Structure formats: structure tokens, C-alpha cells
Amino acid sequence: MEALWSKLRQEFLSGTINKQDLVLYKKWGKALKLLSDNPKHPGLHTHDIEPLSERYGERVWQSYLENKTSSAMRMYWVYGPDKQSITIIGLEPHPEDKKNHAYAKVVLSKLPPFKS
């Protein structure tokens with residue numbers, strides 16, 4: 001996730017970012033700002049995703065980048081690796097159907113090692 005953010009930021013700063021990536025960069029940047037200020041900000045609609053939490057063995061949270069659009073983007077994250085940090089582990093379109101194991105199709109980055 002860090003590599004993707006760095007790529008988008010570099011392209012934005014150099015003026016070489018394409019229109020689709022620019023939209024993602026701006027929405028993701030806004031969501032990151034809200035998340036850093038308050039993970040429970042109402043505009044993020046943050047909630048935990050039980051199937052992902054069970055799969056990864058850590059509580060996985062989902063926050064909105066956008067809403068009420070086809071394949072609205074979601075940001076997946078966990079608290080850690082320390083008490084003052086949040087780690088972004090995925091950026092995916094919202095699964096179309098919560099039934100039929102939709103979250104099984106969501107692919108997240110490997111979780112960083114956590115300090116106890």
C-alpha cells in the first residue's frame with residue numbers, strides 16, 4: 001500500500017498522474033486525513049469486517065473512500081504495529097454481495113509484525 005501511495009503522490013507532484021489515478025489519489029488522501037484525525041469520523045462509515053478479522057487473526061476495519069457509486073472503493077486497515085499507529089492493508093472495491101462469501105475475494109496486504 002505504501003508503494004502505491006508513493007507512486008500516486010510522485011505522479012501528482014510531477015503532473016504526470018492520469019485522470020483515474022488523480023480521482024483515487026484525492027479520495028484516498030481525504031480518507032487518510034479523516035482517518036488520522038478520527039478513525040470513527042462519520043464520513044468514513046468505519047466498521048470492522050468480521051470475515052476478514054477471522055481470516056487474518058487481527059481486527060480488520062473498513063472505511064469508505066466513496067459511497068453510492070458502482071464498485072465504491074474501500075480502505076481496509078488495522079491498528080498497529082504500535083498503539084499510536086494504523087496500517088493500511090488494502091484498497092479494494094466494495095464486494096458486490098455480502099452473501100456468498102464476498103469478503104473471501106478481498107485480497108489484503110500482509111499484516112506487519114505487531115508489538116505486544
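The values are calculated or read from the model by the stated rules, or taken from the named source; none is laboratory data. The structure displayed is predicted, hence computed values, not measured ones. All Cβ positions, even for glycine, are placed from backbone atoms using ideal geometry, and neighbour counts span all protein chains on display.
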Single residue of E58, E11 found to be assigned to a loop (DSSP other than H, G, I, E, B) and surrounded by 15 or more Cβ atoms within 10 Å (Cβ to Cβ): E58
Members of region 74-99 that are at pLDDT 90 or above and either over 16 Å from L32 (Cβ atoms) or part of a strand (DSSP E or B) (or both): R74, M75, Y76, W77, V78, Y79, I86, T87, I88, I89, G90, L91
Residues that are of a type in the set (F, W, Y) and either over 13 Å from M75 (Cα atoms) or touching a helix residue (DSSP H, G or I) at 6+ places or on another chain (Cβ under 7 Å) (or both), drawn from region 21-45: Y25
Of the criteria (1) assigned to a strand (DSSP E or B); (2) touching a His at 6+ places or on another chain (Cβ under 7 Å); (3) not charged (D, E, K, R), which one L34 fails: (1)
Long-range neighbours under 7 Å by Cβ, at least six apart or interchain, first residue within 19 Å of I89 (Cα to Cα) within region 1-24, second part of a helix (DSSP H, G or I) and among the hydroxyl-bearing types (S, T, Y): L8/Y25
